[in-house]
1. Only one of (1) more than 14 Å from chain B (Cβ to nearest Cβ); (2) at pLDDT 95 or above fails for A:LEU74. Which number is that?
2. When A:TYR303 is evaluated against the numbered criteria (1) among the hydroxyl-bearing types (Ser, Thr, Tyr); (2) open to solvent by 20 Å² or more (accessible area, probe 1.4 Å); (3) more than 21 Å from the chain's Cα centre (by Cα); (4) within 14 Å of chain B (Cβ to nearest Cβ), which criterion, by number, is the only one it fails?
3. Evaluate segment A:11-21: report whether one residue or more is surrounded by fewer than 24 Cβ atoms within 10 Å (Cβ to Cβ), more than 29 Å from A:MET313 (Cα to Cα) and at pLDDT 95 or above.
4. Going residue by residue through segment B:6-15, is there one that turns out to be farther than 21 Å from B:VAL295 by Cα and not in a helix (DSSP H, G or I)?
5. In this structure, does A:GLY29 turn out to be within 10 Å of another protein chain (Cβ to nearest Cβ), within 25 Å of A:LYS117 (Cα to Cα) and among the small types (Gly, Ala, Ser)?
6. Assess whether B:CYS291 counts as being more than 8 Å from every other protein chain (Cβ to nearest Cβ) and in contact with a Leu (Cβ under 6 Å, 6 or more places away or on another chain).
7. Condition first: among the hydrophobic types (A, V, I, L, M, F, W, C), within 13 Å of another protein chain (Cβ to nearest Cβ), surrounded by 17 or more Cβ atoms within 10 Å (Cβ to Cβ) and without any contact (Cβ under 8 Å) to a residue 60 or more places away in the chain. Can you find one or more residues in segment A:317-337 that meet it?
8. List the pairs whose first member sits in segment B:46-63 and is without any contact (Cβ under 8 Å) to a residue 60 or more places away in the chain and assigned to a loop (DSSP other than H, G, I, E, B), whose second member is surrounded by fewer than 21 Cβ atoms within 10 Å (Cβ to Cβ) and of a type in the set (Ser, Thr, Tyr), and whose Cβ atoms are under 6 Å apart, counting only residues at least 6 apart or on separate chains?
Protein chains: 2
Amino acid sequence: MPVGTVGTVKGTRFEALESEELDARIILGNTYHLWLRPGAETVAACGGLHKFMGWDRAILTDSGGFQVWSLGDLRKINEEGTEFRSHVDGSPRFLSPEVSMQVQAALGSEIVMVLDKCAPGDAEHDVARESMLLTARWAARSRARFDALQKEGADTGRLEERDGLSGAQALFGIVQGASHLNLRRESLARTAEIGFDGYAIGGLSVGEEKSVMYEVVERIAPVMPKEKPRYLMGVGTPEDLIECVGRGVDMFDCVLPTRNGRTGQAFTSRGKLNIKNARYARDTRPLDADCACSVCRRHSRAYLRHLYATGEMLASILLTHHNLAFFLDTMRRVRQAIRSGDFTRFRQEFIERINSGIE
Amino acid sequence: MPVGTVGTVKGTRFEALESEELDARIILGNTYHLWLRPGAETVAACGGLHKFMGWDRAILTDSGGFQVWSLGDLRKINEEGTEFRSHVDGSPRFLSPEVSMQVQAALGSEIVMVLDKCAPGDAEHDVARESMLLTARWAARSRARFDALQKEGADTGRLEERDGLSGAQALFGIVQGASHLNLRRESLARTAEIGFDGYAIGGLSVGEEKSVMYEVVERIAPVMPKEKPRYLMGVGTPEDLIECVGRGVDMFDCVLPTRNGRTGQAFTSRGKLNIKNARYARDTRPLDADCACSVCRRHSRAYLRHLYATGEMLASILLTHHNLAFFLDTMRRVRQAIRSGDFTRFRQEFIERINSGIE
């Protein structure tokens, strides 16, 4: 899922996301950002997030919790929820499972995430357990409020009235527990007991060693409910996607293709290419000779480097487009390989190639 | 002509410029900017400006003179040319008619502009006359060097080798003389005597009263060679385009649609709309109900305002797209009205409507 933080996948028109080339079926919206600006009431007044953005396809919204920890000021957390100050205007805010469900219902996303508490990647067992248990209690409260809101939406006919509170949203639970496998297993059991439409692994890719992430995914993903989507939050590089699919994950979201596009980094089949590098000044080759995207078909490294060097917006637009094309195409190829029973070979060739170096 | 300063119409993909919706047949490139970055040699090494940018349609390049006056530091002008320092890296540079022709040949644009000397809009007669006479002498030198370069390009077969020095470029002369009609007439006579593929009116829209601009255009455009394109440089608003077409002008270039798009201003059939205005916070209507562009079909004022308020690149991208659509569509309608003998009525209705105010 490309990430559409404040209601836009940065630098990308929706027509491009819908084009055959990218064909993004679902994007992520950040509840925290949209709640602060333009505000849930404004989005609701405009008919929900789909109508507000002009995007008919699916949206997953996160709970807002992660951004409260990373962006909010003066956080005070207790059983009830978290007090913090908006990083935009300093206004005092309170986020609880109930508030998160209410905001996500107003946004009207297809997939709603429970409010969780993410411990640091290197959290000690006791700290991690406390966060995990709070996550489980908040998951139950999220579930209850979500169900009430869905019923209310259906009862009042808002389902028909607008796309927002549709009565047809899905709710995903989140497995926490930092790097402690016993806590992860306990978290999964407690979350599955409540029952959700899908299950996510949260609290990874937050500073821990990559081997720790792979280990947790390898041990936990296979024991997550088989018939429900398994979603690894905030991950990752192309290699991470392949490796974690190999360990049982179905869904990912990550800002890498868009954020790194804006800072001049292109992901290619032969690894990362830094367009700022002077060696590309007169390089008339495309970013990736094996990429069929519109940027690679049309523009040279020399031109993209020039755009970046002169601070032109088109550098971000084009690098973002290529990166999204590369990520989404990689996942399309993953699905094809799985369907044709070829995943193991595909994985090996992909990893070998991506480590072979830019020509 | 949309303006593509350093080889990009800011915030706009070439696919959009080529789309039926915009269908820009020609864009402008700034010789000054491209000469400094990435440099004429780099563009030439990449096969000329068309190949460098990935744009097959026509390009007009200006002479670089205007930017030297407005952006260059420590200018020292004499008969030979102008010494200045690059605004990018402070390096000393020298621009003369010969250098300008050489750079524009390396860029390989379809239309090349002579190097001229633009006097301030309020220049006294003596100052304006001196600039005008220098412009005439530089025009003759531009013509001579241009012809030699074209011949050289044809002789050495570079015509076949690459799109750059094609032997098939066109050269336009420029009429100067500030607000003094007798100087303008003298400038036109001197320029026409040298003989060019098209004629431009320069040195307007540089701080003079609008009535002065209209007066100069009204007196000069009709006496410019009938069988050659008449190009008014750096103009202007939608009203200016209509008024100056009415006075005999065929071609325009202006940064207004792109620059104002980036600062939150939309041009509409009912005048300018400032998307920053709080009144649009929940306004679900398009920028312009009478506009059929993809932005107006898809996005609301509320969404565009939100994008602008949160500093999102997509605000610039979408407002620029709409503005280009409005300007290019206006000119398409002008051409239709002229063909059908309806221009007088079209002009009256257009001006009345654009002054009627945003709803």
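The values are calculated or read from the model by the stated rules, or taken from the named source; none is laboratory data. Keep in mind the model is a prediction, meaning the values are calculated, not measured. Here the Cβ is made from the backbone with ideal geometry for all residues, glycine too, and neighbour counts use every protein chain on show. For accessibility, only protein heavy atoms count, side chains too; no ligands or nucleic acids. Shrake-Rupley method; radii C 1.70, N 1.55, O 1.52, S 1.80 Å.
1. (2)
2. That leaves (2) as the condition not met.
3. Of the residues in segment A:11-21, the ones surrounded by fewer than 24 Cβ atoms within 10 Å (Cβ to Cβ) are A:13-21.
With more than 29 Å from A:MET313 (Cα to Cα) added as a condition, the list becomes none.
Looking through segment A:11-21, none of the residues is surrounded by fewer than 24 Cβ atoms within 10 Å (Cβ to Cβ), more than 29 Å from A:MET313 (Cα to Cα) and at pLDDT 95 or above.
4. Let us first name the residues in segment B:6-15 that are farther than 21 Å from B:VAL295 by Cα, namely B:6-7.
So of that shortlist, the ones also not in a helix (DSSP H, G or I) come out as B:6-7.
Looking through segment B:6-15, at least one residue is farther than 21 Å from B:VAL295 by Cα and not in a helix (DSSP H, G or I).
5. Numbers: within 10 Å of another protein chain (Cβ to nearest Cβ): no; within 25 Å of A:LYS117 (Cα to Cα): yes; among the small types (Gly, Ala, Ser): yes.
It is false that A:GLY29 is within 10 Å of another protein chain (Cβ to nearest Cβ), within 25 Å of A:LYS117 (Cα to Cα) and among the small types (Gly, Ala, Ser).
6. On the way: more than 8 Å from every other protein chain (Cβ to nearest Cβ): yes; in contact with a Leu (Cβ under 6 Å, 6 or more places away or on another chain): no.
Taking the combined requirement at face value, the residue does not satisfy it.
7. Initial filter on segment A:317-337 (among the hydrophobic types (A, V, I, L, M, F, W, C)): A:317-319, A:324-328, A:331, A:334, A:337.
Still in the list and also within 13 Å of another protein chain (Cβ to nearest Cβ): A:317-319.
Filter again for surrounded by 17 or more Cβ atoms within 10 Å (Cβ to Cβ), leaving A:317-319.
Those left that are additionally without any contact (Cβ under 8 Å) to a residue 60 or more places away in the chain: A:318-319.
The answer is yes; a qualifying residue exists.
8. B:CYS46/A:THR284
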